[in-house]
1. Would you confirm, using the coordinates I've provided, whether S60 is buried (at least 16 other Cβ atoms within 10 Å of the Cβ), modelled with pLDDT under 90 and hydroxyl-bearing (S, T, Y)?
2. Those residues that are among the hydroxyl-bearing types (S, T, Y) and either open to solvent by 70 Å² or more (accessible area, probe 1.4 Å) or under 11 Å from the mean Cα position of the chain (by Cα) (or both), I need them from the stretch 25-57; list them, please.
Amino acid sequence: MDSPEATRSPSRVISVLLPLPLAGAYDYTLPEAMEAAPGDFVRVPLGRRQVMGVVWGPGSGQVASARLKPLHARLDLPPMPQSLRRFIDWVAEYTLSPPGAVLRLAMRGPGDALSEPAAHRYALAGAP
């Protein structure tokens, strides 16, 4: 009898681009109760941590289904427009940069999920 992993539908495999200097998108599986469309922001496992990424499209099919990890969550954020995703791909190709590095630039901004909180430092001033 085949395991559920071995019989997973190819339509339940998605490609997620991570905002890291990686060569391309990684494939993940969608849990049965979850839906995600291209442009959706998602949280996925990467090693021992979870990272935010963007659904880039259907899975590549190059990784055995038994090795794929499931998507953790679809984030409640507006999806990234297709025009911006195409622009990210174009910039990456034009500048010979990893698409994930270009995605990181597109996702960064004041108050976004990737920005690190500002560190405040205080020092005692000497006597006037």
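The values are calculated or read from the model by the stated rules, or taken from the named source; none is laboratory data. Given the structure is predicted, the values throughout are model-derived calculations rather than measurements. Neighbour counts run over all protein chains shown; Cβ positions are idealised from the backbone, glycine included. Just so you know, the surface numbers come from the protein's heavy atoms only, side chains and all, with ligands and any DNA or RNA stripped out. Shrake-Rupley method; radii C 1.70, N 1.55, O 1.52, S 1.80 Å.
1. It is false that S60 is buried (at least 16 other Cβ atoms within 10 Å of the Cβ), modelled with pLDDT under 90 and hydroxyl-bearing (S, T, Y).
2. Y26, Y28
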